[in-house]
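Quick notes on the structure that follows.
Every number in this text was worked out from the coordinates using simple rules, so none of it is lab data. Not measured: the values here are computed from a predicted model. Cβ coordinates were reconstructed from backbone atoms using ideal geometry, including for glycine residues, and neighbour counts include every protein chain displayed.
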């Protein structure tokens, strides 16, 4: 059993999920739902559990066996290297359209958008600018 995330991590996670939920509702994305603690099965021996996941299809299994629309990871000292490297390349190879990395200590959000060539590109969005996903 894994220990609970730090309180600040939980607070940031709760807030980002609320903001994404509101943005999806405002954009009319009725089929999209925001989840936390959902398993993404990458391979029989590889399951990831991001801080938040947006899925725009029905989930029929206890895990996500197809690409999510958005995956969010909130950096912490113990996970930053894995979130920026291993998970980055796994999510990219799984063709997840958007990967958000949140650095709460720096008040920064990195938004990676999957391009037609299969690689993520960092999207530069000015602070307080709305983010559009659908």
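Could you grab me the full set of residues in the range 11-30 that are under 15 Å from residue 104 (Cα atoms) and buried (at least 18 other Cβ atoms within 10 Å of the Cβ)?
Hits for the range 11-30 are 12, 13, 16, 17.
Look through the range 91-104, keep the residues that are over 12 Å from the mean Cα position of the chain (by Cα) and assigned to a loop (DSSP other than H, G, I, E, B), and return whichever of them is surrounded by the fewest Cβ atoms within 10 Å (Cβ to Cβ).
It comes out as 95.
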